[in-house]
Structures are given as C-alpha cells and as structure tokens.
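Worksheet: the structure to be examined is printed underneath.
A short reminder: the numbers here are calculations on the coordinates, not readings from a lab. The structure presented is a predicted model; accordingly, all values stated were derived computationally and were not measured. We place every Cβ from the backbone using ideal geometry, glycine too, and count neighbours over all the protein chains shown.
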Amino acid sequence: MSSTGVQYKKKGWLIQMSPEKQDTLLKMLILSMAAILSFSTRLFSVLRFESVIHEFDPYFNYRTTRFLAEEGFYSFHNWFDDRAWYPLGRIIGGTIYPGLMITSATIYRVLRFLNIPIDVRNVCVFLAPLFSSLTTIVTYLLTKELKDAGSGLVAAAMISIVPGYISRSVAGSYDNEGIAIFCMLLTYYLWIKAVKSGTIYWGALCAIAYFYMVSSWGGYVFLINLIPLHVIALMITGRFSHRIYIAYSTVYCLGTMLSMQISFVGFQPVQSSEHMAALGVFGLCQLHAFVDYVRSRLPKEHFEVLFKTVIFLTAGLSALVGGVLTVTGKISPWTGRFYSLLDPSYAKNNIPIIASVSEHQPTSWSSFYFDLQLLVFMFPVGLYFCFSKLTDANIFIILYGVTSIYFAGVMVRLMLVLAPVMCILAGIGVSSMMTTYAKQLDVSQQDRKTKRFESNFFMKSEVAWTFLTVMMALLVTYTFHCTWVTSEAYSSPSIVLSARSHDGSRIIFDDFREAYYWLRQNTPEDAKVMSWWDYGYQITAMANRTILVDNNTWNNTHISRVGQAMASSEEKAYEIMRELDVDYVLVIFGGLTGYSSDDINKFLWMVRIGGSTDRGRHIKEQDYYTPSGEFRIDREGSPILLNCLMYKMCYYRFGSVYTEAGKPPGYDRVRNAEIGNKDFELDVLEEAYTTEHWLVRIYKVKKLPNRGV
Amino acid sequence: MSFKKRILFCITISFLQFHTFAQDIINLNLVNNKVERNIDISSQIVEITTEVTIENTGKEPAFYTLFSLEPEARLHLAYIGAVSQEEGKPTLRVFPTAIADNKKEAFWRIELKTPLQTGRTVTIKVETVFTHFLIPYPSQITQSERQLVYYHGNHYYYSPYLTKTQTTKLTLASNSVESYTKLKPVSQTDATITYGPYENVGPMSFNKMTVHSENNNPFLAVSKLHRALEVSHWGVISVEEEIDIHHAGAVLKGPFSRYDYQRDQSGVSSVKVFKTVLPASAMDVYYRDEIGNISTSHMRVLDDSVELELRPRFPLFGGWKTHYVLGYYVPTYEYLFNSGDYYVLKMRFVDHVFDDNVIDHAEVKVILPEGVKDIQLKLPYQVQRKPDQLHFTYLDTIGRPVIILEKSNLVEQHIQDFEIHYKFQKILMLQEPLLVVVALYLLFILVIIYVRLDFTISWDPQRESRLHASGLVERVLKHQDKLTDIYFQYDAALMKYKVNKDNSSYQATVKKLNSDHKNEAQAIAEALSKMKQDGSELVEKISELQRLDRNLKEQFHHHMTLVEKLISGKMNKLTFVESEAAITRKKEELAEKLQALTNSL
C-alpha cells in the first residue's frame, strides 16, 4: 500500500497570490500595524489617568477649539478675548495659527453630523495620536520616494515609536506640533514628488500642504527656508533643471499667496527677513533659467561677458533694495527666537522671557540618546547611503538632516523636527544594510557550488547571520527603550500628579484642578486673577476667569509688571495690584509635598523679568541673594527675599506646619530648609483658598479700608 | 381590563388628581379634638407631622377636611401628605383647593376614606416638609464659628376649625439653644422643646414662635438637577445627573485657612463629603465635572444599594457652590416591562442625592428609543411637562423622542416612581445593525468598483496585456489546483478498489474522474491557446505543465491496469508490489516537478 505516500502539493493561499499582491499585502500589513502602534503607544496617560488635556498650551488650544466648535468660524475669527491680558485683551483670531483648531472642529462637526455624540475634549485628546498615525504613513511615502519601499517601512515603524516625537504627541498633548509634523512631512513628500516629476500638479499639491503647515505651526519658517536651500544646493551641484524650476516656482508662488491668507502671518512672507531667502531663491531660479536659455542661444565668449555684467548688476541692485527696505522698516528685523536659533546665547543675554522657558534651553547630549536611542548611530549610516547614491531627492534629505540636527542642538523643543529625519535616515541605513546581508543569506542557501570558488568571502553566510541577529537585537532594544521612555517620561499629564506612598499605593495630587475649580465656582464671574504667566492658559480654560498674563508672552512689560508685584514688598505690591485691578492672586507652592517646579523655584525669573523694564529698575537680582551669592529661603536668606510678596504668599502660616518627621515646623521639602520668616500676618491680602496638599494657594486682595475705619 | 383600557384609566385618574381645583366651603361643624404636632428642625429641612383627631359635631356626614398653612410657611412647602390612622393606615388624597369667601389663605382638601358620620371622630396624620425655612443667624460666620439658625413658626395649630387641645414638640439638632419664645406651658429637655397643652384655640390663630439654636448639619441644596434617563432596548438604561449644589447655610466670612482646617477640623458647618445612594444594580459609575474626573470618591457595593461617598473637589463652606456630573448604568430588565409591543418604563423621578436633600429645581429628561409611539405618562405628583424634543445619537435617523419634565422644590418624599407607557415594534431593533451592514456593504462595493475598474483616461497597452496575462495564469493555476484534487481522488479510488474489490463503483468513479480530468485539461489548453495569441513568455511553462500532467495521467493509467490485473488474478502479488513501487516512484517524481513548476508561475 505504498501509493498513499504520493503528495501532490497545492500552493498555500498566500503563495497563490501573485508576487505583486503579496508585496502589497505585506506592505499594507506592516504599515497599518505601525500606524496602529503609533496610536496606541500614545495612550498611556489616558489609561493611567483619564482623558484629559495636558500641560499648559494645550489648554489654550482646547479652549479656542471649543469656542470654534460652538460659535462657528466667523465669530472665532473675530474673537476678542477679554479673559486674558487684562486690561488689554487679546484678538485671538488674528494671533494664532488656526490649523489645529479648525482640524479638530471639523472632525467634531463631521462626527456630529453622523450623529456620533463625541465631546470636543475627546477629539482634542485623541487628535495628536491620530495624526501621528498619519505621520507614520507619510513617512513611509516620503522614504519610499527617497530610497525604496523597504526603507520606507523601516522608517515608518521607527517613527511610530520614536520618543522625540511622542514627547509632543501623546494623547492629551493637544498642541500645534501634534499636527505640524504630519503637515511638514506631507509637504516634504509632495515637494520631492514635485522635484522628481517636475509637474505643476505636484507643485500645487505641495503648496496646499504648505498652506496647511503654515496654518498650524510657526515652525513653517524652517520649511520655507529648507526648500530654497535645497534648490540652491541643486544649483550649486549643477543639478538645476526645468523640473526644479517648475516645482519651485509653483510651490513658492502658490505657497506664499496661500500662506498670506492666514491673518497671523499676514504680509510677513514678503516683508520679514526670515522669508527673504525663499524670495531670493525664487529670483535666482528665474535668473538661472534665463541664463540657461541664453547660454543655449549665444556663443560662449559673448555669454561670458553678459553673465558677469548681469551677476554684478543684480547683486548690487538686490543689496541696495534690501538695505533700503530694512532701513525703512519694510523688512522687519529678525525676531528674538530666530536669533536664539542662530546664536544660542543670544536669548540668555538679551531676552529673559525667552530664556526662562525650559524648552528653549540648549539640548544636552544625553537627551539626544534618550529621545532617539538607536537612531543616533544609524543616522550617519543613512547619510552614508544617501551620499553613496546621490539624487535630487537625497540631497534634500541630507540638507534636512544636517540643518535640523543643528537646530535640535540649539533648542530642546526642536528635537521634534529632528526626530522624523532621524527615522528616515536611520530607516534607509538599517534597510540598506539588512538588504545587503539578507541577500547573502539567499545566495548561500541556493547554490552552494558557487560558494566554494568565492574564497574572498569567508564564512559569508555566518557573517550575514551574525550581522542580522545583532541588528535585530538592536531594533528590539530600540522598541523596549521607546516604550519605556514613553511610559515613564512622556505620559504624565502634569495637571494631575501622582506619587507613591509608603505602602506602595498611588496617591493622586489633584490640587491644580481643585484650585481652578474653586475659582470657577466661588469667585465672581469678572474676578481678575494674578499669577505667574505659566498658569495663565490653565486658569482661563479651567477656572474661566480673567487673567493678567498668560503663556502667549507677547507683552513683556505687562509680564514684567506682574514680576515686579511678586518681587516687591507687600505695600509696593499692593500699589501695583491696585493699579492692575487684581482681585485674586494665585501661587504654586511645593514646599509641603516636594513638588519642585513651584513659584519659589521660578522666582528668580520673576525678579529678572520684573527688573528688565524701566519701571522695575529698582528690582535687582543681587538683592535676592545672600552676601555670598546664594539663593536661600532660610534665616540666612536676603531680607528683601524674606519679605517680598511671593515669599509671604507661599509661606503664609507654613511656619507652624510639620512636614517631615524629625524636622522643625516650617521645613520646606523642596529647598530642604527651615523657612526663615515664620510668624507674619498679611496686611493687604487674605487667604481665600489653599488646596489639600498646599500646592496652589489663592489670596484675595483686600479692598481699600473705608475712610475713618 | 385590557392594556389600552388600563392606560386610559390611569390617565383619567391622573387628570382627576391634578386638575381638580374645587371650590370648597369650611364646614364649621368639624372640631379638632386633639392635635399633636411634631416639628423636626434637626436637619436643614423642617418636617412637621401633625396628628389631628377630628370630630363631626354637625348633622351631615363630612367627606373631607381642610388643612391650612401660615402665609410664610406656605412659600416653603415642598411636600404634603396625609395618612389616616384607621385600620391599615390608608393614604389619603390631598390637593390644593380654594374657599369661596377666603382668598387670603391657602387650603388643602384631605379626602377622608369613609365619610365622617355625626358624632364620630377620625384621626389623621398630616406630614408637611418645608425647605429653606431655617434662617441662619448670624448670616455670616467665620471658619471657626458654629452655625446658628432661626426657626419661625406658630405656637398654635393653624386650622380653619376650632382646636380643643394641642401640644407641640420641637426636635432640635443639638442641646445648645440660644433662645426660644416661652408661651407657657413650655419645657426644654435636651434637644426637645415641648409647648402646650393649649386649650380651645380658635380657628386661624397665630402666635409667633421663634427658636434660635445651633445646627451644624449640612445645609446643602441642589439648586439645579438635570437628570437624563436614556433607555436602550439593548440592555442598559443610562442615568446621568448633572448637579449644581451649594451650601445654603451661614456664609463664610473672612479667610479660609487650610492650616486651621487640617489641624483642628474647624469649619463644623462645612461639608467635606456626602453620601449618595444609587440603585443596587448601578454599574460603571462616573463622577466628573467640566474639567475632568473628580478623583476623590469611594464606592461601596451593598446588598440593596450602591453607596457612593462623594467628595467635592473642595470642602463646601457657607455660600460656596460646586457642580458635578454623576452617571451610571442600570440593566433595562429591572425597569422596563413589556407585553408584546407595549412597554412600561418604571423609574424614579428623582433619586437620592444626599440625606435630607433639598432640590430647588429638577429637570428630568427621558430619552426613549427611536420609533416609539403612543407615549403616555403616569406621574406620582404634579410636574410640568415641557414640549418634547428629539435626540440624535449613534446610528439614529429620525431621532429619539425626549420627554422633558420639570418640578421645583423637591425633597426625599418625592423619590417615587413614575411610569411611561409606550408602544415599540421589536422589529425596529434590527434597524441599527442593518444600517451598519448596509453602510459596510456599500463601502466594500465602492472599494471593489475602484479596484476592479480602470479609471485612467490614458490607455496603457503594456499594463493591459500584463493584467490579461496574469489573469490567464491565475486561471491556469486554478484549474491545476482542481487537477491536483483529481489526482488525490484517483489514488483514493484505487486504494478503495484494492480493499473492497467493488468493481462497479470503481468503474463509475474512474469514469467520472476521467471526464473531470478531461474538462480541466481542456480548460488549461484553452487558456494556453489564448496566451499564445497574446505572445506571452509563459507559454513554454504552461506547455511543460500540460506535458507533466499528461505523463502523470499516463502513470495513473498504468497503475489502474496493474490494480485491475491484480484484482482479476492475472498477476501475482509479488510482481504487483514491485511494479507498483516503480509507478509510485515515477508519480512522486512527477508530482515534485509539477509543484516546482506551479510555484515558479
């Protein structure tokens, strides 16, 4: 009965598909897995805490989105916000990039139209993860244009979990950057498409993507300088062609016109110096094309003469026009933030308000590794592969990589711009290396006979195996590292704090919301709240009360005035508070719980900013230090510090609280010192509310006493 | 009684209950023989229970008795109810009425269970509940002070009839009393003050009673309650209560000191936490407000209820307010009953918020399923019905009917069931799943159309021929698959034949298989000829495939004759085994080749 042994094999269902179909299926599978992963890895904070907006700026975005969703676009556009910058107010419609709000309001409206009752807050919370899924797909497309589909998939998988990007796009982190990275990569993709095809179609699409980018983030300036830089580089390398001429002319003309429709941008694209490079390159493009045309028509000697004259003439003319326009103020000088990009020490020396923001600090080396891990090493590899086979598109990604690594070094927050290019280049690097070695595995398996004769490749298969194993191990550690960083470092909402108690259970400090909600419920509707500007957005969004200064730090003197009030003695501060018509004052105090980013630790910035304007000349940083130059809050501390308003508000009645066993009462757990000024009463303020863990303290400004009392 | 009739009956009853505003007269023949009043001011509400023994001294039997309230008390009245003290303690119907010649006063008519005959007495117990009747004095206190309240009342029972003898007992919140009016005889023991007995007090007598005492019980009042009940026939009813709550006691004066509050628990009249009791089957409870979850609450599941310990974000001092949303789900089967297409929803109009709660204004929204008809309401007490609305949620097309009911000034006694009767066709439950199915179906059709049809304007012959060729190859492979099946069947048929030697069935099978094989081979040949026309480069491979197939078929033929010979005894076993082994080897070889070839396609 041996006939049973014959096996006529059918093809498996997978094999039955044609290779193209298999290819598509695999790509779609990997890509959708990466997209889902990028969404779900950002949900740590929602699962651990709740669906809540994080940090500071997102609260403003959330508030404006809600306004837009409820009131419609025109009232949003004309919105004058009297809740902020009292008594100045703020024209919201003209001072923000509305892309983010419009995006989520549109999603909200569409869902509502489909009778899906979703809260605006939930749209806002999940917008960033959604857009990072889209970013994953765009990264794949872009990398595919630059190299091949394999690199695209690796890059997409990498960007889906890269911490440098996750830090700004976890669920709840509802900020411009969340969608801007998507817009940026989309614009790059379409730009590469336009450069490769040289059609107006792709150029126009690129301009539209650029418009979306402009509408959503101030970082578009990087983009509008990078694309011209690419064109210049192509000109220098002699790769300038009609394709590039068409692509750039379309993108620049359409893009500039579209970007001017955003009221916050207005005429900047033709006036400010940040945009001049793009304009210059546009002119240069025309010249180059013209020169190419003339060169093809004229004999060589004639052309040389003409070329030189034209060069000198245009150079002289443009310098003259530029100079005149700058002097007459038509081209605005560069803004502080832009200077600080070029010269990291600029802000520190000149504008304390820029320097005071932690995300504007230069990046440390460790945070490069922390945010990018494996990518840091794979980035140069990718660069090598790009250089080894230079194309128009590759030049772009090289430029993008090199410039953004510089900017990321200057400012921590620009790590965000670096992360995608790191992923793309690392993706190219990893994929190229893996392809090289994986091919050798194939060879070694199929025809073993040829192997014997290629003696110069010793142990080819084994080496390939080893290499691939090592690479795999690296990629696995990358995954673990990314997930760990996301879960530990980037998934706390910062509005709700949590700590471990002695027995290991979790304690939640919900003091911020407690205080804001108290303000919302139990103060008059028109009460004016003074606090340091960090908490401005949160107070307007959560407490719905008028504030003096907020995170949109456009008016330095106003912020400085608040800083002066905080840094002055009670009587002086009272004058300022009367002048500013303040009803309540809010301070953050971490001395009881050990929350270190409180107002006392920020106090020196208040002093610096307070003293940076004319009216605050009398406030000198030196006065707040001990004679030996230390900032101390204990008995040794400078008497001016120990009697200023901020100190008194933070430590009012704290002198009798026992915070730690074995320590005297009034022991500050952040500064690790017993406070120096304990028993004092407040004359012009009264304690209105203090939260459960004393994190937020609110004081009411007393009215002037009645005559004769 | 049929169902419809029952509904009709219910409506008539409720009509009678709420809309009778009769003109009554005061029957002076009725006399209050004995009145015992119990005024409870130990919480934030004032609860007065009056036990009256009424005697009919006239000739006619009395069908009802009248009840009246002092003008200032009237404004604070939240609830009035009467129980007869006869056998079985039946509840008596009470409703407001008017007296033709006395417009100043307000009267309630209490209908007696049985007419009161001449000379007979009846004892009834009237329960009245007043809200915001206690006045904090001083109206502003500091954090460390205790809360004192005034109660202004009447020493006498305010009645349109003569009262022969009466006593009043006042229950206070604590022993400390600042002052109280002393209309003798009066006595105080611990937290009770007893007035009376007073004899022969004329109708509508008023003598102001004032009690000033300490009361640190929570003076919480719900200023607005939005209660939304969303009924789903799919299993759960969602209940969401949006509550505006404030401390209605003495207002906090001066600063709030967290230090004092934490050190010596000062602020005795403030409210740190309160308890809400939910139905026992409540699940997925949430407690939040506009800015997120309120992380301070505890839930205890008891046998007959779910007890929630709610802590507002901040302690509530006098004059402070807060706002929160409390929601939960209860299973439908506990509250929705049906017979056929007729449904009855039976739920509480308002639910427990905290003990001795006061709800100044409640709005109850009932969202019924889509497609509900013939909605009828049955309410335990008079409420105002607002115009119906429509509500749209997941997969709704025509909208769900929303019934909106409103009532002011509610207390614990108002926690009663109301009923909504409606008609709903069960088939409509399928509407939503069908909607999803249709939507997905349309989506897939769109995708299929997009993928299958060519929407390009330009004609690309290369792409076209490639697609054509790959289509043909796919067809060949499909037929080859079928052929493979046939090979298996050949082997199986031979095996079977060898074992059971059933010639007829074997012949039939082989015949069928032969014709199948022929069809499939024919189909492949057709595809091949088409490919030849296109000039495809795969022609050679397909021809090779055909050749291999023919060879294999040949081997099967050999095998079959061999087996037939063996069965018919023309061949001995030994030679059969040898030649069969040879054939099998050949078959294996061919099968391997075939496989390699199909894989390369």
Practice prompt. Report, ordered by chain and residue number, the lysines lying within cross-link reach of B:LYS224, taken as a straight Cα distance under 22 Å and ignoring same-chain residues fewer than 8 apart.
Written response: B:LYS272, B:LYS275, B:LYS321, B:LYS365, B:LYS386, B:LYS407
Worksheet, complete the sentence: The answer for the longest stretch of chain B without any exposed trypsin sites (Lys or Arg not before Pro) (DSSP loop, at most 16 further Cβ atoms within 10 Å) is B:273-500
Practice prompt. Among B:ILE193, A:GLY72, A:TRP532, flag the residue with its Cα farthest along the positive direction of the charge dipole of the protein assembly as shown, charges on Cβ as +1 for Lys/Arg and -1 for Asp/Glu.
Written response: A:GLY72
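Using every Cα-Cα pair within the stretch B:461-600, state what percent have a distance larger than 24 Å.
40
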Worksheet item: What residue among A:TYR624, A:MET28, A:VAL294 has its Cα farthest toward the positive end of the dipole of chain A, where the charges are +1 on Lys, Arg and -1 on Asp, Glu, each on the Cβ?
Response: A:VAL294
Item to complete: Quantify how strongly other chains surround peptide A:685-691 by giving the mean number of their Cβ atoms within 10 Å of each of its Cβ atoms.
Response: 5
Item to complete: Determine the principal axes of the Cα atoms in chain A, then give the extent along each, sorted from largest to smallest and rounded to whole angstroms.
Response: 108, 91, 60
Item to complete: Using only Cα atoms, locate the centre of the stretch A:523-547 and the centre of the stretch B:502-569, then give the distance between them in Å, rounded to an integer.
Response: 87
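Using Cα pairs under 8 angstrom and six or more residues apart, how large is the relative contact order of the stretch A:118-230, in percent?
RCO, the stretch A:118-230: 26 percent.
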Item to complete: Could you work out, residue by residue across A:515-524, how many beta carbons of other chains sit within 10 Å of that residue's beta carbon, and then give the average as an integer?
Response: 5
Worksheet item: Restricting the count to DSSP beta bridges whose residues both fall in chain B, what percent are antiparallel, rounded to a multiple of 5?
Response: 85
Worksheet item: Going toward the positive end of the dipole of the stretch B:461-600, with +1 on Lys and Arg Cβ and -1 on Asp and Glu Cβ, which of B:LEU590, B:LEU538, B:ALA469 do you reach last?
Response: B:LEU590
Worksheet entry | Fraction of beta bridges assigned by DSSP in the protein assembly as shown that are antiparallel (%, nearest 5) | 85
Practice prompt. For A:ASP668, enumerate residues with amide H under 5 Å from its amide H, sequence gap 5+ or separate chain, H modeled in the peptide plane.
Written response: A:ALA673, A:GLU674, A:ILE675
Fill in: Helical mean residue ellipticity (222 nm; -39500 (n - 2.57) per DSSP H run of 4+; nearest 500) of chain A
-19000 deg cm²/dmol
Fill in: Cα-based Rg and Dmax for the stretch A:244-297, where Dmax is the largest Cα-Cα distance (Å)
13.3, 46
Worksheet item: What are the lysines whose alpha-carbon lies under 27 Å from the alpha-carbon of B:LYS164, with same-chain residues fewer than 8 places away excluded?
Response: B:LYS34, B:LYS59, B:LYS89, B:LYS103, B:LYS104, B:LYS113, B:LYS125, B:LYS182, B:LYS184, B:LYS208
Response to the item:
Per-residue Cβ contact counts at 10 Å, fewest first, order B:SER174, A:SER656, A:SER51 as A:SER656, B:SER174, A:SER51
Item to complete: State the number of lysine pairs found in the stretch A:8-158 whose Cα atoms come within less than 26 Å, restricting to pairs 8 or more positions apart or on distinct chains.
Response: 9
Worksheet, complete the sentence: Semi-axes of the protein assembly as shown from the Cα gyration tensor (sqrt of 5 times each eigenvalue, largest first, whole Å) come to 75, 53, 28
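Could you list A:VAL417, B:VAL277 in order of exposure, starting from the residue whose Cβ has the fewest other Cβ atoms within 10 Å?
Lowest to highest Cβ neighbour count: B:VAL277, A:VAL417.
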Item to complete: Find the relative contact order for the stretch A:472-576 and round it to a whole percent, using C-alpha pairs within less than 8 Å whose residues are 6+ positions apart.
Response: 15
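Kirkwood-based Rg over Rh for the stretch B:24-211 (C-alpha set), two decimals? Don't skip to the answer; put the middle values down first.
Details: Rg = 17.4 Å, Rh = 17.4 Å.
Rg divided by Rh gives 1.00.
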Worksheet item: Tell me, what is the Rg over Rh of the stretch B:178-329, with Rh the Kirkwood radius over Cα pairs?
Response: 1.12
Response to the item:
Taking the alpha-carbon centre of each part, the distance from the stretch A:619-698 to the stretch B:170-230 in Å is 49
Worksheet item: In whole Å, what is the distance between the alpha-carbon centres of the stretch B:386-441 and the stretch A:481-520?
Response: 39
Worksheet item: Taking the Cα centre of the stretch B:220-429 as the origin, how large is its charge dipole in debye, to the nearest 20, when only Lys and Arg (+1) and Asp and Glu (-1) carry charge on their Cβ atoms?
Response: 360
Fill in: Under Karplus coefficients 6.51, -1.76 and 1.60, residue-wise ³J(HN,Hα) of the stretch B:268-283 in Hz, glycine/proline x
4, 8, 7, 10, 9, 8, 9, 10, 10, 9, 10, x, 4, 8, 5, 9
Worksheet entry | Set of lysines near B:LYS573 by C-alpha distance (under 25 Å), chain-local residues within fewer than 8 positions excluded | B:LYS496, B:LYS498, B:LYS501, B:LYS553, B:LYS565, B:LYS586, B:LYS587
Worksheet, complete the sentence: HN-Hα couplings for the stretch B:579-585 via Karplus (6.51, -1.76, 1.60; θ = phi - 60°), in whole Hz with x for Gly/Pro, come out as 5, 5, 4, 4, 5, 4, 4
Discussion item. Please report, ordered by residue number, every helix of chain A (full DSSP H runs) that is 27 Å or longer along its axis going by C-alpha atoms and whose mean Kyte-Doolittle hydropathy reaches 0.5.
Written reply: A:19-40, A:120-146, A:176-197, A:276-297, A:300-328, A:392-410, A:415-446, A:460-488
Practice prompt. State, in angstrom, two size descriptors of chain B derived from its alpha carbons: Rg to one decimal place and Dmax to the nearest whole number.
Written response: 44.5, 137
Worksheet item: For the stretch B:220-429, what ratio Rg/Rh do Cα atoms give with a Kirkwood hydrodynamic radius?
Response: 1.02
Fill in: Amide H contacts of B:THR97 (H built 1.01 Å from N, under 5 Å, at least 5 apart or other chain)
B:PHE107, B:TRP108, B:ARG109
Worksheet item: Can you work out ³J(HN,Hα) from phi for every residue in the stretch B:252-260, in order, using Karplus 6.51 cos²θ - 1.76 cosθ + 1.60 and θ = phi - 60°, giving whole Hz and x for Gly and Pro?
Response: 5, 10, x, x, 9, 9, 5, 4, 4
Worksheet item: Of A:VAL324, B:VAL231, how do they rank once you tally other Cβ atoms within 10 Å and put the fewest first?
Response: A:VAL324, B:VAL231
